[in-house]
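Report on the structure given below.
No lab work stands behind these numbers, since they all come straight from the coordinates. Please read all numbers here as calculations on a predicted model, not as lab measurements. Positions of Cβ are backbone-derived with ideal geometry, glycine not excepted, and every protein chain shown enters the neighbour counts.
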Amino acid sequence: MKKLLVSLMITLPVLAMLFTISCNNIKKTQSSEAKVLAFDISGIDSTKQPCTDFDGFANGNWKKHNPIPSTEGAWGSFEVLDKENREVKIKGIINELLKQENPAKGSEAQLITGYYRSYLDTVTIAKRGITPIVPLTDKVLAAKNVSELIALAGELAQINISGPFGVYVNADDRNSSMNAIFMGQGGLSMHDRNYYENKDSAMIKIRAEFVKHVDKMFSMAGWNVSSPGQTILDFETKLALIQLKNFEMRDPVKIYNKIPFSELQKLAPAINWADYYKNYGLHTDTVIVQDKNYLKNLGLLIKATPLEVLKTYFRWQVLLTYSGLLPTQFNKESFHFFSTIMYGVKAQRPREERAIMSVNRRLGMPLGKLYVAKYFPESSKKKVVEMIENVRSVYRDRIDKLSWMSAPTKEKAKKKLAAFTWKIGYPDTWKDYSSIDIQNDKLVENSMNIALWEHHDMISKAGKPVDKKEWDMTPQTINAYNNPTNNEIVFPAAILQPPFFNPDADDAINYGAIIGVIGHEMTHGFDDQGAQYDGNGNLSNWWTPEDSKNFIALGKKLEDYFSSIEVTKGFKINGKLTLGENIADLGGLTLGYYALEKSLAGKKTPEKIDGFTYQQRFFLGWAQVWRENMTNESLINQVQTNEHSPARWRINATVPLMKEFSEAFGCKGTVADTLKIVIW
Ligand SMILES: [Zn+2]
């Protein structure tokens, strides 16, 4: 799985089960001309002690003056930039395209404006009601037995409608230059097992709201089923309880089980695998499954579940997937549960804003092509390449100096480091989307046609060599990722702007921000998961047993440290779930710091700016990237489901682990002294 820098909240039902992450949203709009200060000291709250609450010190005033807008679940650097990106840049591109009369069918302009117009045509949407999804739900109702229903699930999965398992094509972790077919768990409306089993009162309340939500949606659809909400919750709870926990899925060896296709039928005879795969459009002799036990238990669960319950479940999945595109009453109700109840978001964004987000999500690459032509200065690329090579050389020095690793493993680690590749800005080649049929008045069908295009694009790769040039993120995304099977780090155009990368800022701020981010992504190649992949992107153990033991022990210390942090009443960080991200944060920050020192070697010590030394400004640069206010609901969601520690703790738990931080701010008795966790 790809490692993201940050996972923004998922509000509406997720359209593509496996990889889609929707974005947060914002309040304050900066005009595109406004100069962003390198570090705005007015955000500092000097009544807070940097040594004990660095987030409070560096960001306290900013957080006080930037409350969470009613349309958001969180508000920080990512969300502010994301909103500006959409409301100024992306909106500007769409508005330009709207001026074209009769753009050619299949052109970027036609695809984007057609989809956008269909999203805003609320009159047609209201008039059509749920008719666009009725052919699908009718097929569900017509299934005469479980076999027919499972076969149909293969067809539904082509247009993003989830079932209890998902099939996808990706690089084979043990033969990374070839694509293989994977199968994993899925099909939970609330995405994560914790939402079904956690006994905290906040979670119990969410489950009760979920039942009400499903009942209401069925009633609005005019579907006459008795207690659909409780039926769905009961079935999904059974499903959740046989699934791997989120932190268990972080073990790449454990979830790699290549089996002959014929074994599926033996594992779960109640499931009609052949017809499912046929309808999904794939033929294969082998499949890599996440967990054989899950499939076995799923077979038993399906066998024990009445056909009527399974039909109710699949009808719900259809409605859930497309609820955001149905008449207002449906997306309002969907917003109420998936945003207000789950994330504490009070108000729905205006429709025009949602239309922009939806276009960006569904047609991100055609839009991205126009975005980079307008907003990505090629000069940025050269600067970022320099920064990456700078971090790589510092990483090499640090590996040489590690006291816990022996020489043979150091050689292997450096070999992997040297083999790292990067991508910056946007893809070299763009895919051809022109065959997608998009019409001005068929929103649901438009979305389905895009899903089908994506599905065919994905399955066409099965069994073929991996295209190493392919991108998994659009250029206008404010994020970055590490792809272990390509041994690569990827930085989309949109993250190369302030406060992450600011060509006008002093070096210390940029090293704490974008260089910390680059170091973070690079360290993912050496976190508890990444370290199990070699320089060619294959899962293969290159560690001596002794070094591996030391590495695991250091990770365990970090895990225990994070697990002790309570972020809100009754909820602690899950140190196991967040281990890879916490290693990457600590590594990224350390690499950024030493890259800055290296760049200053032999030069005059930089003058203080705004009363802060360059070392202090380095840490302020990091803190500025992660400043964020969050609703309590979003915070609970994050610690229950997300591999990233909440932003406040990416600052407050990470910086005190570095003795360089204690030295910069004159701190005494920090965890840097007691825990001594230096991994990279
Ligand atoms: Zn990360």
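Distances between placed amide hydrogens fall under 5 Å for H283 paired with no residue 5 or more residues away or on another chain. Summary value for segment 131-325: 31 percent relative contact order, contacts being C-alpha pairs under 8 angstrom separated by 6+ residues. Across segment 391-406, coupling constants 3J(HN,Hα) worked out from phi with the 6.51/-1.76/1.60 Karplus curve, θ = phi - 60°, read 5, 4, 6, 5, 4, 4, 4, 5, 4, 4, 8, 4, 8, 8, 10, 8 Hz, and Gly and Pro carry x.
Summing charges over neighbours of D527, with a neighbour being any other residue whose Cβ is under 11 Å away from its Cβ, gives -3 when K and R count +1 and D and E count -1.
Among H455, H65, sorting on how many other beta-carbon atoms sit within 10 Å of each Cβ, with the fewest leading, yields H65, H455. Sketch the reach of a paramagnetic label on D472 as a point 7 Å from Cα along Cα-to-Cβ, and name the residues of segment 526-558 whose backbone nitrogen lies under 16 Å away. In segment 526-558, the label zone of D472 (backbone N under 16 Å from the point 7 Å along Cα→Cβ) covers 526-534, 536-539. I need the shape label for segment 510-628. Rule: rounded when a/c is under 1.5, else prolate if a/b > b/c, else oblate, with a, b, c from the alpha carbon gyration tensor. Judged from the Cα gyration tensor, segment 510-628 comes out oblate (a/c at least 1.5, b/c at or above a/b). The helix-only estimate of mean residue ellipticity at 222 nm for the chain, built from DSSP H runs of length n ≥ 4 each weighted as -39500 (n - 2.57), is -15000 deg cm²/dmol after division by the residue total.
With contacts defined as alpha carbon pairs under 8 Å and 6 or more residues apart, what's the relative contact order of the chain in percent? Walk me through the numbers before you get to the answer.
Values: 1098 pairs, mean separation 143.7, N = 680.
The value is 21 percent.
Taken one residue at a time, the phi angles of segment 243-248 give Karplus couplings (6.51, -1.76, 1.60, θ = phi - 60°) of 8, 5, 6, 4, 6, 5 Hz. Gly and Pro are set to x.
Around the amide H of T421, modelled in the peptide plane, lie the amide H atoms of E488, I489, all under 5 Å away and 5 or more residues distant in sequence or on another chain. Scanning residues 5 or more positions from A171 or on other chains, those with amide H under 5 Å from its amide H are A180, with H placed 1.01 Å from N in the peptide plane.
If the chain between L120 and D138 were fully stretched, how many nm would it gain, using 0.36 nm times the residue separation less the Cα-Cα distance?
3.7 nm
If R0 is 25 Å, the Cβ-Cβ spacing of S563 and K676 corresponds to a FRET efficiency of close to 0.85. Zone of E248 (label point 7 Å along Cα→Cβ, backbone N under 19 Å): which residues in segment 568-592? Residues 574-580 qualify, since their backbone N sits under 19 Å from the label point. Simple spin-label estimate for A347 and E378 gives 4.5 nm between the two label positions (7 Å along the Cα-to-Cβ direction from each Cα). By the beta-carbon count within 10 Å of each Cβ, the least crowded to most crowded order of I90, I44, I518, fewest first, is I44, I90, I518. Each residue in W649, W422 was given a count of other beta-carbon atoms within 10 angstrom of its own, and listing them fewest first yields W422, W649. If the segment from K258 to D432 were pulled out straight at 0.36 nm per residue, it would be longer than the present Cα-Cα gap by 59.4 nm.
Label-to-label distance for S548 and E663 is 3.5 nm, based on points extended 7 Å past Cα in the beta-carbon direction. K414: which lysines have alpha carbons under 18 Å from its alpha carbon, excluding same-chain residues fewer than 8 sequence positions away? Counting by Cα, and skipping residues close in sequence, K414 has these lysines nearby: K401. Karplus-derived 3J(HN,Hα) values for segment 277-283, using 6.51 cos²θ - 1.76 cosθ + 1.60 with θ = phi - 60°, are 5, 4, 5, 7, x, 10, 10 Hz; glycine and proline are entered as x.
Just tell me which aspartates and glutamates come within less than 14 Å, Cα to Cα, of K608; anything on the same chain fewer than 8 places away is out. Once the sequence-local aspartates and glutamates are set aside, what remains near K608 is D506, D507.
Pairs of Lys residues in segment 252-377 are counted when their Cα atoms are under 27 angstrom apart and they lie 8 or more places apart or on different chains; the count is 24.
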